[in-house]
1. Which value results when the Cα radius of gyration for the chain is divided by 2.2 N^0.38 Å?
2. Jot down the per residue volume, in cubic angstrom and as a whole number, of the convex hull over the alpha-carbon atoms of segment 3-94.
3. With just the Cα atoms defining each centre, how far is segment 331-370 from segment 66-133? Give it in Å.
4. How large is the Kirkwood hydrodynamic radius of segment 145-251, counting all unique pairs of alpha carbons, in Å?
5. Calculate, axis by axis, the spread of Cα positions in segment 346-423 along the three principal axes, and write the results as whole Å, longest axis first.
6. Please work out the Cα center distance from segment 298-312 to segment 182-252, rounded to the nearest Å.
7. How do Leu135, Leu80 rank when sorted from fewest to most other Cβ atoms within 10 Å of their own Cβ?
8. Just to verify a number: FRET efficiency for Ile357 and Leu399, C-beta to C-beta distance, R0 = 30 Å, to 0.05?
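Readers should treat all values here as calculations from the given coordinates under stated rules, not as data from a laboratory. The structure presented is a predicted model; accordingly, all values stated were derived computationally and were not measured. Note that we place each Cβ from the backbone using ideal geometry, even for glycine, and neighbour counts take in every protein chain shown.
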Amino acid sequence: MSHSSEQFLLQCRQLLGEAHVLTDDDATRSYLTDYRQRYTGTAIAVLKPANTQQVADVVKLCNQYQVAMVPQGGNTGLVLGSVPDQSGRAVVLSLLRLNQIRQTDPVNDTITVEAGCLLQQVQQAADAADRLFPLSLASEGSCTIGGNLSTNAGGTAVLHYGTARALCLGLEVVTASGEIWDGLRGLRKDNTGYDLRDLFIGAEGTLGIITAAVLKLFPKPKSYATALASLPSVDAALALFHFIRSNGKDCALTAFELISAYSLTLVQQHFPSIKQPQLGAHPYCVLIELSSQEDGALVNQALEAVLNEALQSQLIPDALVATSLTQSGEFWKIRESISEAQKAEGKNIKHDISIPISGIGKFISQTDALLQQQFPGCRMVTFGHVGDGNLHYNVSAPLNSSVDAFLREQNAINRVVYDSVAAFSGSISAEHGLGALKCEEILRYKSPVEMQLMRSIKAALDPNNLMNPGKVVKPLP
């Protein structure tokens, strides 16, 4: 280790305390390895500040020594956005100690939280105030609000409540120079210039470090109704989606999740304890959730009525409405277990994409056919938030084939999928971000004008390129 690095670490220990500057391999490994356990970077240290001022002081110190910073929350990302590269020139700046609920304001319907708060912690704090914070992800027990905002996370409730960006009113941010911007304003209307908040949301820590946020709360629905409906095609799912939206009485359609038959098969195979619905065999099903401010009997009646109409109109061949909270939980458990079931099945090639809703059916049929032509026998694990156009369009190796050999085709498979996404005017990243995994790929699909605008913003806010370098957008050589 160089004398400069030793001096840097000495000052970090003086600032944060010995226990919060990690350099031992065993202590740092989990911070350096990505969620899918496929990549491990290296770092000078993992630094764990306790509050916003300490974050600012660390950033100033990193500027003084020209040390790059990788902000990290729960490290649940899938695009290598929260782990360092292998140059060993960066520190990981873990925000997990910034975990305080600063204020709950049920009259203003807001909650102010620090970036290291777990999403589940925020949900529980909202619930204690008789309010709802609707962002919901499978990783909510381990992902953090800072990470959710930095990737503009979506999840299962986007259809009704919007993405993390739509749920955020204000931010506190440590800038690339170590200054603190206090933008923690709980205002729905604030037309006083450029929207700095939206620059930092979705920027994956490349422009500054989110340390706290003011988030929107909502009245808690008094009741929910959940159902699974089987479908012959994706186009049939879209027809059902619009039918429910038009005929769902006064209930809100809060979830409409597409699940392919093969996704159900994987869950059944790897999690046999999860009770499977007794529906006929069809290529797809959808998980539907209505919510209401009325009592449970009314929302259940509304869902049963609209599905009966859909059955009589031959929009769907079969449906099953949950008759209890336990059964509703079982339906959701199926949806939430797909990713883990696919992981248990073996390594796979993931695509987090979005397509205009009207084109989803044609996209899937055309792209499935292209993949089968070029990679015969590949297995498609298709599921996602079809009501907002976001698909998890994942590709697994053919049965009884070499998974490692299949993974060597990843670039070619990505090209087929992403070119098809572009042909449908979609996005190659709907909610996971670009990270390091897609920052080269995006050059194919964004115009030079758009990329130059992004580079200009990066250069203006992070002139030393110390904030999560190599992620989202790279400077020109």
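1. It is 1.01.
2. Details: hull volume 8.3 nm³, N = 92.
Convex hull volume per residue, Cα atoms: 90 Å³.
3. 27
4. Value: 16.5 Å, from the Cα pair sum.
5. Principal extents (largest minus smallest coordinate, Cα): 36, 21, 17 Å.
6. Centre-to-centre (Cα) distance: 25 Å.
7. On the way: Leu135 28, Leu80 23.
With the fewest neighbours first, Leu135, Leu80 line up as Leu80, Leu135.
8. 0.40
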